Amino acid sequence: MPSGAPLAHGSSSPSEAGLRLIADALGVPVALLYSMGTEGRLRTVESFGAVPDGAPLAELAEGLGDQIDVIDVSGAVPGARFAAGTRLGQEEGALLVLAPEDRQPDAAWTSQFENLALVALGLVRAEERGPDRTPVLYEIAVYPGTFEDRLAHALDRAARSLDLDAAVFALIEDGVWTPYAVHDPTGAVASTSTLPLDQTYCSITCRSHGAVGFEDGRAVSLSVSEPPAYLGAPVFVDGRCVGTFCVMGGTPRPEPFSPDDRALVEALARWVGVAYGSREAARQLAAREADLASFFNGSRMGMGTVRLVEPDDFAFMAVNAASASAFGSTPEALKGKRASRLDLDPDLVRAWVTACRRADQAGRPHRVEVDASTTRGTRVLATTVAAVERADPPRFTFMVEDVTDRRTGRAPALEGMLAQLPGALFVADASGRFESAWGRDARAIGLVAEHALGRPLRTVFSETPDAIEAIRAAQKGQQGGWMLDVGGNQYAVRVSPRRDRTGNAVGLVGIAIDGAALGAIASSEARSAFLQHLNYELRSPLTAVLGYAELLSEDAAPEEVARVRDVIIRSGERLLGALDDLDDLMLLDEPDVSIHPCPTDVVALVTSVIDATRPVAEARRLQLNVWCTLPSDPLLVDGGLLERMARHLIGAAVASSEGPSVDIRLEADGDDWLRLVVGGGGADGGLSGIGPHLIKRLVSAMGGLYDEQDPTQWVVRLPRQRVPMVSLDSLAEVPGEVQAMAAVPEAG
């Protein structure tokens, strides 16, 4: 901005120091502070920066209203794009700034301006009161060091100026008072630990808009444990009270707090609000930038930026690992290199250059698919490019994806099944960075793409020290686990190494199970055994699915594709079995098991379970002997619970049997009971982990009894409740209108 005669009244003025603070926070070169003169017109109190000669700043200031006014001054004030200003207080003054060409008056900037206007009002009022208090504000504004250094100095100066013992800046959230910074030389006045808000004077201060003081709090009917002398003011950030700035004394104050005392604490509270808000905004911005960088680097979607190079070439500016992998390269090898010098497919280069030019001309993203030759053979690369506004030379962002498998329809469809997984199943790459998660509890434990994708697992679970050790153990080829507390729920987490088809370590795989359900398993040994079982039953097939799906993405022969598909189908069936185990575990945690009796062919149901188990028995060279003397008449029973119980009994017996056969008998037990006997398994019938507890729960829910006298077999007795039959002849005695209703078939 061209400069003319500076309007500053002096380099050591407290008002100038405060105005410099405002200009720096807003990122503007010129700021002016006005107060209301006796004649009803604004007069210049102080200014910072240099203003072009002849700029109509006085007229702009006089036209300001009570709200923030943004005025386009392009052409009227050389080098300035807009002016912004507002009236201060009850017509006490005004603040006016000039912004350069590259400044945007967006919502964040105007919100910052609104906060800084309170600081400007304090400067105007301090000017009107005289120089007694202004040196304190000046010292704090120009004090060197970090925000914490300046805050400590502000607390010290506030306590000394009011002749009190201590000063505190405290944060307030959810009814809790938390000291952020404490100045208490004796250590006997101010609390250094959190307190319930209603036990402090700040519970009153945070509901006010100005200073609150008690010269002798003991004379006030308040149930608080604060020191007797107190003067505090609320600290606002973006219009929301986030804390208090307060000064305290260990003994009652002999004289009342003066208006100057109150004005000083209010001004310091406003300064703290602006400084703390700016600091938090910077911290949030840094966190967002870190999250974006983590997302960019760890995203499974290839992305980056390129710039066009004449005549028909482009250069990579930034790429992530996924995009580099699509070209069979690395981010380091691509960054800063021209496409023509990287031996990329010429068709790909031409298509990208054309897509960039079309996106630039149309003003919207452009997508193109190219059959490109890569180090992994011919691949179909889908690329979407978008122009970066006002970039010189032209730059473009891109997203690239290998859609070869999608086009050929060979990608395995497991997402829907895994999404219904009780608990959570998650995977990470070889460096421990989170890649994917499935299951109903994945979001609950913080494993969602928008927050965790690309972040190391040890940072996702950084608040649990045991997790860090377990993850490190898994990266070294071992297994590890920990308990995770989330919102009052506790999850048992187990993580293991993941290997490819050749045995090389390619990452980690883990499971998380709701600990409340695990509590249904009586012993810690049983819980550990069950978790070990689930870890294997989930990790092994998932590793096969991931590894063989990767093989499908390569140029495989038709017979190889058929073999791989068989492996994926079998692995998917194992995953479904593991899901059934988890459903059973969730059932144990339910306070009541709901039953829904309906007409069921018990013989056919048990036979279907036996047929499903027969391939496993044959693989173990076991013979299944079945005796059935139960009539096949339908019975009223919950078929789902009965099928689940039979599956556990027969499956456990087959898995643990050391003999040549497993014997299954289904028979009538008198007129009112049926009996299912499964024998031939190992000790305890082969049931372990949740098996015994689940069987007892299911049998009890169905009103049955079980016999544990013989440890080599299970004997289950269930009520034999027959389906009531209605004779058509009995309808003759039913009124005609009821007969008509009975004759109408139900919909569906």
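Annotations for the structure displayed:
- Taking each residue as 0.36 nm, the span from GLU101 to GLU148 lengthens on full extension beyond its C-alpha to C-alpha distance by 13.6 nm.
- Low-density loop positions, trypsin sites (Lys or Arg not before Pro), the stretch 616-671 - DSSP coil, at most 16 other Cβ in 10 Å: ARG620, ARG621
- Rounded, prolate or oblate (a/c below 1.5 giving rounded, otherwise prolate when a/b exceeds b/c) for the stretch 30-114 by Cα gyration tensor: oblate
- Extension gain (nm, one decimal) between GLU173 and ALA473, 0.36 nm per residue minus Cα-Cα: 104.2 nm
- As a calculated quantity, the FRET efficiency between ARG621 and GLU643 at R0 = 25 Å, using C-beta atoms, amounts to about 0.45.
- Two-site FRET efficiency, THR712 against THR464, from Cβ-Cβ distance with R₀ of 60 Å, rounded to 0.05: 0.85
- Using the Cβ-Cβ distance between ALA333 and ARG364 with R0 set to 51 Å, the FRET efficiency works out to roughly 0.95.
- LEU705 versus TYR180: modelled label distance in nm, points set 7 Å from Cα along the beta carbon direction: 7.1 nm
Every read-out reported here was derived from the displayed coordinates using simple, explicitly stated rules and does not represent laboratory data. Please read all numbers here as calculations on a predicted model, not as lab measurements. Reconstructed Cβ throughout: ideal geometry from the backbone, glycine too, with neighbour counts over all protein chains shown.
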